[in-house]
Amino acid sequence: MTLWKASTKASAALFGAVTMAVMAGGPAAAAPASPGGWQESGSSLVNSLTGSQGLASRADGSLLYRGLGSIPLDLRAKDWGHIGDPDIANGHTFDAYQGGDDATSKMYAVTTPDGKRYVYEHRLDAGEKLNNSFAAVSPDAQWLVSGEWGDQNRLQVFPAPLLNPSTPPTGGDLPQAGQISLDKPVRDIQGCDFASDTRLVCASNDASKELFPEDRPVLQVDLERKLDGKPVTGHVSSLFAAPQRSICSGAFETEGVDYDAARRTLRVEVVPPAPCLVTTTVYAYKPTTG
């Protein structure tokens, strides 16, 4: 048998196996594997005033940072005094804003690639906390995931402002969609990002070790299916403790999370204790699985 014939037969056999698996709904028809098994690959520093609240990767690989100094004056004047961990989808930047202690709504601002900004406001539902720690857009750019502070058994889901056709095209009201119900409680989630259609990676600022064995754990949330606007269950597991390294001693704080799918790089922000807190450390990780 010649090498060409052997290769042809092998290719035909492989094609047939894949075709049968797809028809039968087998492994070849399954969703692409989600990355995991993270190993630290480096770190960098960013000014905390404009970078300590979160980050997001652009298509060209550069990073967008957010900090208290990133809030536009016109939004600050309307009492949107806190900005969370952002996300970027289809060139659009999604920012999560939080008001004061008496706030009755939370806000998401979407900035288009050409610099136009549209504001979407969500009036708090019964029992909903005012916190708005992050914005994470699903890989299909149709759903936005956000979270509240304290002990939670859920993550909130909204239609992705502007990109989901069910939302007003120039800003407006933003109702909730079906939430993610977590099979384990989480505490003080500062940021999340999608690693795949069915996997989120989130940073917790919980140092108690009551819910997970790690101090300030980085968590994984695996969804039973990709988001579709209906209620879905998420399985929570702990990946590793966010690094706490500094020449200053005291309390650290985890902040934003980003996964750059094109470059397969996960990043986690950690703010060191005072007086070192003027600079935030960004830790990078590469997957070993998925």
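The values are calculated or read from the model by the stated rules, or taken from the named source; none is laboratory data. The structure displayed is predicted, hence computed values, not measured ones. Cβ: placed from backbone, ideal geometry, glycine included. Neighbour counts: every protein chain shown. Ligands, DNA and RNA are stripped out before the accessible areas are found, and what is left, the full protein with its side chains, is counted by its heavy atoms. Shrake-Rupley method; radii C 1.70, N 1.55, O 1.52, S 1.80 Å.
Shape of region 215-274 from the C-alpha gyration tensor: prolate (a/c of 1.5 or more and a/b above b/c, with a ≥ b ≥ c the square roots of its eigenvalues).
Given a 1.4 Å probe, how much area per residue of region 187-290 is accessible, in Å²? Working shown, then result.
On the way: 4060 Å² over 104 residues.
Per-residue value: 39 Å².
Taking the highest mean first, how do the peptides 117-124, 47-54 order by number of other beta carbon atoms within 10 angstrom per residue? Write down the numbers at each step before the final one.
Details: 117-124: 16.6, 47-54: 21.4.
Final packing ranking: 47-54, 117-124.
Taking the chain as a Gaussian network of alpha-carbon nodes connected by springs under 10 Å, the highest mean-square fluctuation of the residues Ala103, Ala242, Ala56 belongs to Ala103.
With helices as the sole contributors, the chain gives -3000 deg cm²/dmol at 222 nm; each DSSP H run of n ≥ 4 counts as -39500 (n - 2.57), and the sum is divided by every residue. A straight chain from Asp101 to Arg123 at 0.36 nm per residue would run longer than the Cα-Cα distance by 6.5 nm.
State whether region 154-290 is rounded, prolate or oblate according to the following rule on the C-alpha gyration tensor (a ≥ b ≥ c being the square roots of its eigenvalues): a/c under 1.5 gives rounded; otherwise a/b larger than b/c gives prolate, and the remaining case gives oblate. The shape class here is prolate. Length gained on full extension, Thr289 to Thr50: 82.7 nm, using 0.36 nm per residue less the C-alpha separation.
When a/c reaches 1.5 or more, the comparison of a/b and b/c decides; with that in mind, is region 94-154 rounded, prolate or oblate per its Cα gyration tensor?
Working: a/c = 2.46, a/b = 1.45, b/c = 1.69.
In terms of gyration-tensor shape, oblate.
What do you get for the angle between helix 3-24 and the principal long axis of the chain? Use alpha-carbon atoms, 0 to 90 degrees, nearest ten. Tilt of helix 3-24: around 60 degrees. When the chain is treated as a GNM with alpha-carbon contacts under 10 Å, the residue of Leu63, Leu130, Leu144 showing the greatest mean-square fluctuation is Leu63.
When +1 charges are put on Lys and Arg Cβ atoms and -1 charges on Asp and Glu Cβ atoms, the dipole computed for the chain relative to its Cα centre reaches about 1020 debye.
The lysine pair count for the chain, using Cα distances under 22 Å and pairs eight or more places apart or on different chains, is 11.
Relative to the present Cα-Cα distance, how much length would full extension add between Asp79 and Asp60 at 0.36 nm per residue of separation?
Values: separation 19, 0.36 × 19 = 6.84 nm, distance 3.33 nm.
Answer, rounded to one decimal: 3.5 nm.
Would you mind getting me the FRET efficiency between Ser181 and Trp149? Use the beta-carbon distance for r and R0 = 22 Å, nearest 0.05. Here the calculated transfer efficiency is 0.75.
Beta-bridge orientation, region 137-290: approximately 90 percent antiparallel, per DSSP, counting only bridges with both partners inside.
Comparing Thr93, Thr279, Thr104 in a Gaussian network model of the chain (Cα springs below 10 Å), the most mobile by mean-square fluctuation is Thr104.
Sorting check: for 245-251, 131-137, which peptide has the highest mean count of neighbouring beta carbons within 10 Å, and how do the rest follow? Walk me through the numbers before you get to the answer.
Values: 245-251: 11.4, 131-137: 26.7.
Listed from highest to lowest mean packing, they are 131-137, 245-251.
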